[in-house]
Amino acid sequence: MTYYDTIIIGGGPAGMMATISSAYYGQKSLLIEKNKRLGKKLSGTGGGRCNVTNNGSLDDLLAGIPGNGRFLYSVFSQFDNHDIINFFEENGVALKVEDHGRVFPATDKSQTIIGALETKIHELGGTVLTNTEVVSVKKINDLFHIKSADKAFTCGKLIVTTGGKSYPSTGSTGFGYDIAKHFNLSVTPLESAESPLLTDFPHKALQGISLDDVTLSYGKHIITHDLLFTHFGLSGPAALRLSSFVSGGEIAELDFLPQTSSDDLHSYLNENREKSIKNALKNLVPERLADFLAVDYPEKIKQLSPTQETQLVDKLKKMPIKITGKMSLAKSFVTKGGIDLKEINPKTLESKKVSGLHFAGEVLDINAHTGGFNITAALCTGWVAGSVHY
Ligand SMILES: Cc1cc2nc3c(=O)[nH]c(=O)nc-3n(C[C@H](O)[C@H](O)[C@H](O)COP(=O)(O)OP(=O)(O)OC[C@H]3O[C@@H](n4cnc5c(N)ncnc54)[C@H](O)[C@@H]3O)c2cc1C
């Protein structure tokens, strides 16, 4: 049985960064990943370009992590989003910042990020074992015993970075919660977060249209961000964020033009009375959406009755959208709930009940918005969990 100082189970962003810091601090470290390659879920973020972090302030980070972000104060004081940016730049990865502070590799390729993390692990002498699923974890005296189907290892320190339960096809099937159960640790209820919304809105006509910075609201919950019409309803950050406040049956309101008032829209229509409605709307919204909005009206703006004109402006400013449900946990972007933070030391991410056992990333009861906030939480908790050595 080969001994390692530290074994890390799960090669997502949390596990890769934990291996890097562990190896950096001189620990003989082994990262075990069941997939053929590291970072499968990470590679699909940011539309396949890898939304590696967010360049906001600490306040922005905390606002972007509605699920227990405050637990991360101590973690961020040790390693934060700016350290992530420095880390990649020092390791030869050029980054760029897009809207809402989202940071991507300049190459627009996830592999640039995953490759840099992997190279660093090797450079620091860490070992990576892919295609290897851990099936059992035990602690006997001071040593953890880790088994896969055909291999066995021991270690003094174990870091669990197996992710949540969303998108299980990427490998996050919830094994970390089994480890918690084995050690009698509490796991808070698992729920979907950042879930695409199901709606009864005409899907076919609008499918594929993506809108920048529209306002989607339900009651006091008002979210201005990008939105995507899909074959089932709505996705994109605005819909994903609203999903925390709805369950199905609600009527949400969509403002396609939050920067323009209803009065300004009436003036715009009046100034363009000779134009067709479709052409006038095409200057304001994507063409397919303009066609959809204009369908019930006469051809020209000047043919609109005052009531019709008000109706049209209302459609642009407060289109009602009935939410019929939201995607299941498996099809949501993030898992809410996880390893109970009351039992975790916030400075070291070590279990208060089992010494030497650490957790990092989405397996913890932490959930964030897309936009780089989950990945930031994963990379920063990974670094901190890896940096503790005995
Ligand atoms: C489609 C999609 C888009 C997203 N977009 C964004 C975004 O834009 N911004 C953002 O911040 N977040 C985004 N997220 C969420 C983000 O990707 C995750 O929060 C993040 O990857 C969690 O990192 P992690 O290292 O904790 O877990 P994961 O990335 O899930 O990695 C866990 C790893 O553990 C491995 N593993 C599990 N069990 C075992 C075992 N028994 N043995 C060996 N290995 C095991 C898995 O195979 C997996 O590789 C998105 C998620 C999805 C699904």
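Laid out as a table, the results:
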| read-out | value |
| --- | --- |
| Candidates per trypsin sites (Lys or Arg not before Pro) in region 67-152, loop by DSSP, up to 15 other Cβ within 10 Å | Lys109, Lys151 |
| Length released on extending from Ser169 to His231, taking residue separation times 0.36 nm less the Cα-Cα span | 20.2 nm |
| Two-site label geometry, Arg288 and Asn86: point separation in nm, points 7 Å out along Cα→Cβ | 4.5 |
| Cβ-placed point charges (K, R +1; D, E -1), dipole of region 61-149 about Cα centre in debye, nearest 20 | 420 |
| Total formal charge among the other residues, if their Cβ is under 15 angstrom from that of Leu143, Lys/Arg +1 and Asp/Glu -1 | +3 |
| Pairwise FRET efficiency - Ser247 versus Thr224, Cβ, R0 = 25 Å, nearest 0.05 | 0.65 |
| Average accessible area per residue (Å²) across region 142-181 - probe 1.4 Å, nucleic acids and ligands excluded | 38 |
| Helical mean residue ellipticity (222 nm; -39500 (n - 2.57) per DSSP H run of 4+; nearest 500) of the chain | -9000 deg cm²/dmol |
| Solvent exposure of region 197-326 as accessible area per residue, Å², 1.4 Å probe | 49 |
| Electrostatic dipole magnitude of region 197-326 [Cβ: Lys, Arg +1; Asp, Glu -1; Cα centre; debye, to 20] | 240 |
| FRET efficiency for Ser210 and Gln311, using Cβ-Cβ distance with R0 set to 25 Å, rounded to 0.05 | 0.50 |
| Accessible carbon and sulfur surface of region 81-146 relative to its total accessible area, %, 1.4 Å | 47 |
| Accessible area of Asp263 in the full protein assembly, 1.4 Å probe (Å², nearest 10) | 110 |
| Accessible surface of His122 - all protein chains present, 1.4 Å probe, nearest 10 Å² | 100 |
| Pairwise centroid distance, computed over Cα atoms, of region 105-158 with region 260-327, Å | 55 |
| Rg in Å to one decimal, and Dmax rounded to a whole Å, for region 197-326 via C-alpha atoms | 14.7, 44 |
| Potential extension, Lys318-Asn270 segment - 0.36 nm per residue separation minus Cα distance | 15.3 nm |
| Förster radius 51 Å - calculated FRET efficiency between Ser262 and Thr127, Cβ distance, rounded to 0.05 | 0.25 |
| Neighbour net charge for Lys28 - beta-carbon separation under 12 angstrom, K R +1, D E -1 | 0 |
| Label-point gap, in nm, between Arg37 and Arg70 - each point 7 angstrom along Cα→Cβ | 4.1 |
| Solvent accessible area, Å² - Cys50, 1.4 Å probe, full protein context | 0 |
| Simple label model, 7 Å out from Cα along Cβ direction - Leu58 to His203, nm | 4.5 |
| Fraction of accessible area attributable to carbon and sulfur, region 197-326 (%, probe 1.4 Å) | 48 |
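The values are calculated or read from the model by the stated rules, or taken from the named source; none is laboratory data. Bear in mind that the values here come from a model prediction, so they are computed numbers and not experimental data. Note that we place each Cβ from the backbone using ideal geometry, even for glycine, and neighbour counts take in every protein chain shown. To get the accessible areas, we keep the full protein, side chains included, count just its heavy atoms, and leave off ligands, DNA and RNA. Shrake-Rupley method; radii C 1.70, N 1.55, O 1.52, S 1.80 Å.
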